[in-house]
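The values are calculated or read from the model by the stated rules, or taken from the named source; none is laboratory data. Model, not experiment: these values are computed from the prediction. All Cβ positions, even for glycine, are placed from backbone atoms using ideal geometry, and neighbour counts span all protein chains on display. To get the accessible areas, we keep the full protein, side chains included, count just its heavy atoms, and leave off ligands, DNA and RNA. Shrake-Rupley method; radii C 1.70, N 1.55, O 1.52, S 1.80 Å.
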Amino acid sequence: QGAFVPTSDLLGIMVGTVASANCGDIVGRQSPILFGYFGIFLFAFMSAVQSNFFMLAGCRILFGVSVGFALPPALALTNEMTPERWRMPMRVASQVAFPLGQLMM
């Protein structure tokens, strides 16, 4: 059961990334990022107060969907708004920070 919680996060990230594939281009970058970060806050809090394993797994899947939904537009916005000189270091830092956060979870 303990290995299923991080796996459910990654499953949710996969679903959220596929769901937000064209959303950032259609409605802009800000709305999916705000929606995703609100979901991250909500489902992280709900995960902390669950007493049932299945409810915890469900909250972690929805947490992953929120992360996956917010990550691609946030990375695209970082690339668009960063000055030319700092674009590649910021892109690398953004790509490295996500797996490091997953490892620390």
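Before moving on, here are some points about what is shown:
- In the full protein context, the chain carries 65 Å² of accessible surface per residue, based on a 1.4 Å probe and ignoring ligands, DNA and RNA.
- For the chain, with all protein chains in place and a probe radius of 1.4 Å, 73% of the accessible heavy-atom surface sits on carbon or sulfur.
- Helices in the chain, meaning DSSP H runs of at least 4 residues, each add -39500 (n - 2.57). Divided by all residues, the mean residue ellipticity at 222 nm is -28000 deg cm²/dmol.
- Largest mean-square fluctuation among Ala48, Ala70, Ala21, in a Gaussian network model of the chain whose springs join Cα atoms under 10 Å apart, belongs to Ala48.
- Kirkwood Rh and Cα Rg combined as Rg over Rh, evaluated for the range 3-104: 1.02
- For the chain, the relative contact order works out to 37 percent when only alpha carbon pairs closer than 8 Å and six or more residues apart are counted.
- Annotation note: trypsin sites (Lys or Arg not before Pro) in the range 1-85 located in DSSP loop regions with a Cβ neighbour count of at most 12 within 10 Å are absent.
- Between the range 1-53 and the range 69-105, the alpha-carbon center distance in angstrom: 17 Å
- Relative contact order (percent, whole number), the range 13-73, Cα cutoff 8 Å, 6+ residue spacing: 59 percent
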